[in-house]
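Q: Pasting a structure here, questions to come.
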Amino acid sequence: MLYPERTFATVDHIIPTDARTRPLADGLAEQMLTALEDGTEEFGIRFFNVGSGHQGIVHVIGPELGLTQPGMTVACGDSHTSTHGAFGTIAFGIGTSQVHDVLATQCMAIAKPKVRRVRVTGSLRPGVYAKDVTLHIIRTLGVKGGVGYAYEYAGPVIEGFSMEERMTLCNMAIEGGARVGYVNPDATTVDDLRGRAHVPDGEAFDRAAAWWLSMASDPDARYDDDVEIDGTSIAPTVTWGINPGQAIGVDERIPTSASFADADRGTADEALAFMDLEGGAAIEGVPIQVAFIGSCTNSRMSDLREAARVARGRKVAEGVRALVVPGSEEVKKQAEAEGLDQVFRDAGFQWREPGCSMCLAMNPDQLVGREMCASSSNRNFKGRQGSPTGRTLLMSPAMVAAAAIEGRVADVRRMLT
Ligand code: SF4
């Protein structure tokens, strides 16, 4: 193994978010965790295990610890590694065999992608978040629109985003077909990195910061494609189908089968039938049974603060199972210091331990039967949340909180006063 000091590990997909006593109740999860503990020890890899204070979803803890820095190439065995591009890194999700290659050689063979600049202009209206922007971009450009491209996000809306918002944006680049999402490093990036555990300090920080800023694209850089999206036109966005591009504003109607081109009608019909939704009906008001706030897309402090703004002083609707799962032990600690856990508990949400939880079906947090879930995660594929017939509506954490309170898809703008 080459350069073990450049490799880091955590446990996220398989870890339960309630009881985490060992051995884990799921024998296979226990086996995987033990193998990870043994392997990282044998090869000298730093492992952020449960209880270390730094365990969490890999795409939350990397930036949190300052392991993700501009100009780096980052590879990780998870599709949503594009998240790290928020820091001006080139970050790839890789498969298991490529993980072997990277561990052995610190290299990987990959074709050079074309670059599409996606400029988001104007400004976002209240109640509209980075999640809505990323869903809107995928809706506009298509789930396969980014195949062969890296997406460089730019424009006044992106430049005004915090690093957490940029991470949400880049996280879902992969859902639009782009293997890489990227934002130029700037003063916001440098400010965010200052003081993080794996970032140099003093003069070394100033030297690093100057180098990081030099990574940004030249003002006269040429792109293979350039797209402009009007941020002012974006509404709180909800998916109605079985891929993240099947999304509409919460105030729109679900598209009818007839509104699709012949080539897309089959997928649309399949989605409407699976979701049991009617073309032409409003998405607002669709009943839900589960609400999930978490995942590497939306489990950071700003996500929890916005969801708590909606939950404060309200109650989860009867019959709704609502979970809040912080992205890392550090996020959990900070949220508890701010009293957010109590806000959620008082409203009737479950407050869990960090992990991927209900984003995917590799731990005990799963949908049951045909349950409809308002989810702040990133994939609404059939079976993604554990039940083969379970249904997922992707939306921002604030919108999930609103849906949990109302027991149905709700327009968060009416609840943010
Ligand atoms: S939260 Fe979901 S998408 Fe993100 S790393 Fe975990 S399983 Fe993958």
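Q: Give me a comma-separated list of calculated 3J(HN,Hα) values for the range 47-62, in order, Karplus coefficients 6.51, -1.76, 1.60 applied at θ = phi - 60°, integers in Hz, x for any Gly or Pro.
A: After applying 6.51 cos²θ - 1.76 cosθ + 1.60, I find 10, 8, 7, 3, x, 6, x, 10, 5, x, 5, 3, 7, 9, 6, x Hz.
Q: Right, another one. Can you give the net charge of the other residues whose Cβ lies under 12 Å from the Cβ of residue 171, counting K and R as +1 and D and E as -1?
A: -1
Q: Here is a further query. Long-range amide H contacts for residue 380: which residues qualify at under 5 Å (H placed 1.01 Å from N, peptide plane, sequence gap of 5 or more or a different chain)?
A: Result for residue 380 returns nothing.
Q: Once each part is reduced to its C-alpha centroid, what is the distance from the range 223-299 to the range 349-417 in angstrom?
A: Taking the Cα centre of the range 349-417 as reference, the centre of the range 223-299 is 15 Å away.
Q: Testing the spin-label approximation: label points 7 Å from Cα along Cα→Cβ at residue 205 and residue 101. State their distance in nm.
A: 3.8 nm
Q: Kirkwood Rh, the chain, all Cα pairs: how many Å?
A: Taking every pair of different Cα atoms in the chain, averaging 1/r and inverting gives 21.7 Å.
Q: Return 107, 76, 170, 296 ranked ascending by Cβ neighbour count within 10 Å, so the fewest neighbours appear first.
A: Ordered by Cβ neighbours within 10 Å, fewest first: 107, 76, 296, 170.
Q: If neighbour count is taken as other Cβ atoms inside 10 Å, put 360, 393, 169 in order from fewest to most.
A: In order of increasing Cβ crowding within 10 Å: 360, 393, 169.
Q: Right, here's the next one. I need 149, 182 ordered by Cβ neighbour count within 10 Å, fewest first.
A: By the 10 Å Cβ count, ascending: 149, 182.
Q: How about the range 254-323: which trypsin sites (Lys or Arg not before Pro) there lie in a loop by DSSP and see at most 16 other Cβ atoms within 10 Å?
A: Hits after loop and neighbour filter: 312, 315.
Q: Counting Lys and Arg as +1 and Asp and Glu as -1, each charge on the Cβ, what is the dipole of the range 266-354 about the Cα centre in debye, to the nearest 20?
A: The dipole of the range 266-354 has a size of about 480 debye.
Q: Now for a separate question. Could you work out the relative contact order of the range 38-119? I mean the mean sequence separation of Cα pairs under 8 Å and 6+ apart, divided by the number of residues, in percent. Show your work: numbers first, answer last.
A: Values: 77 pairs, mean separation 14.3, N = 82.
The normalised contact order for the range 38-119 reaches 17 percent.
Q: Continuing with the same structure: Can you give me the P(r) profile for the range 68-131? Cα pairs, bins 10 angstrom wide beginning at 0, each as a whole percent.
A: P(r) for the range 68-131, in whole percents per bin: 18, 41, 25, 12, 4.
Q: Under unit Cβ charges (Lys, Arg +1; Asp, Glu -1), what dipole magnitude, rounded to 20 debye, does the chain have relative to its Cα centre?
A: Using only the charged Cβ atoms, the result is roughly 620 debye.
Q: What's the center-to-center distance, using Cα atoms, between the range 152-179 and the range 75-92 in Å?
A: Answer, in whole Å: 11.
None of the figures in this text is laboratory data; all of them are computed from the coordinates on show. Small disclaimer: the values here were computed from a predicted structure and weren't measured. Glycine also receives a Cβ, built like all others from the backbone with ideal geometry; neighbour counts cover every protein chain displayed.
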